[in-house]
1. Is the stretch 99-112 home to any residue that is acidic (D, E), more than 16 Å from the ligand (Cβ to nearest atom), over 30 Å from R39 (Cβ atoms) and surrounded by fewer than 13 Cβ atoms within 10 Å (Cβ to Cβ)?
2. Taking the stretch 53-63 as the region of interest, how many residues are within 8 Å of the ligand (Cβ to nearest atom) and acidic (D, E)?
3. Of A84, A99, A75, which residue is among the aliphatic types (A, V, I, L, M) and within 11 Å of the chain's Cα centre (by Cα)?
4. Conditions first: (1) at pLDDT below 90; (2) closer than 22 Å to D51 by Cβ. C134 passes all but one, so which condition is the exception?
5. Please enumerate the residues belonging to the stretch 31-52 that are more than 16 Å from the ligand (Cβ to nearest atom), without any contact (Cβ under 8 Å) to a residue 60 or more places away in the chain and under 24 Å from G108 (Cα atoms).
6. Being modelled with pLDDT of 90 or more, over 30 Å from L82 (Cβ atoms), outside any loop (DSSP other than H, G, I, E, B) and out of contact with any Phe, Trp or Tyr (no Cβ under 6 Å at 6 or more places or on another chain) narrows it down to one of R180, R141, R199, R115, so name that one.
7. Confirm whether G41 is buried (at least 18 other Cβ atoms within 10 Å of the Cβ) and either within 21 Å of R87 (Cα to Cα) or outside the structural domain of G98 (by TED's automatic domain parsing) (or both).
8. Quick test for you: out of L229, L183, L219, L205, pick the one residue that is in contact with a helix residue (DSSP H, G or I) (Cβ under 6 Å, 6 or more places away or on another chain), buried (at least 16 other Cβ atoms within 10 Å of the Cβ) and more than 22 Å from V150 (Cα to Cα).
Amino acid sequence: MPAALPLVLLIEDEPHMRRFVTATLRAHDYHVVEAGTARDGLAQAAGRNPDLILLDLGLPDADGLEVTRAIRRSATTPIIVLSARGREHDKVSALDLGADDYLIKPFGVPELLARMRVALRRAAVPAGAPPQSCFELGGLRVDLVRRQVVRAGQEIHLTRTEYKLLATLVRHAGQVVTHRQLLHEVWGANYVEHTHYLRVYMAQLRHKLEDDPTRPRMLATEPGVGYRLRDEPS
Ligand code: CA
């Protein structure tokens, strides 16, 4: 049991969804406050200073994207967006505006709890602290300080671009990184529309790092959104 239970702000207008999520989180040792509108959500985000925000994108009085933008003006509180199916564009916009992750409804409880753990863990690193310099999962080891990649005891040679792409995913391990973020960090601001670069280089990385590149276990595709380096065995 942690020293203090994390406080979660749930901004969601559907009462049954709110009841379900609140009951689930309380059963897993979270404090929960609820808001049914964007206006109330913003007031509670400012007034209660929650540790994490779960944000429905379809709210009655404002778009969840507007809420994300408004919260990010003053706070770095992790935001996980709850999105209805088929609203790919909204999810991507929310992530680009500074949301940390998203879940598509209906989502499973273990998935919700796992994403929340990742978001809270990342937020727990003090500002200015060096990012995690080593990543290890299932025989893969990436050392960002030594710029070394080892798979099953063998050192792997990557091109500079392949390495930059992998290193970006390592720095966000467990989290989805949008196409736009990846293109910006690896290729630069002028290349954010060149999604096909990512397909090519991701295929090369999978070929070098995955046991079966056609069924990746570490370098996961988030359809229409981006990629995620899994930080727990799948
Ligand atoms: Ca809604």
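1. no
2. Looking only at that region, the number is 1.
3. Just a single option satisfies the conditions, and that option is A99.
4. (2)
5. Result: H31, V32, V33, P50.
6. Criteria check complete, one pass: R141.
7. Answer is no for this residue.
8. L183
The values are calculated or read from the model by the stated rules, or taken from the named source; none is laboratory data. All figures in this text were calculated on a predicted structure; none of them were measured in a lab. No Cβ is skipped: glycine too gets one built from the backbone with ideal geometry, and neighbour counts run over all protein chains shown.
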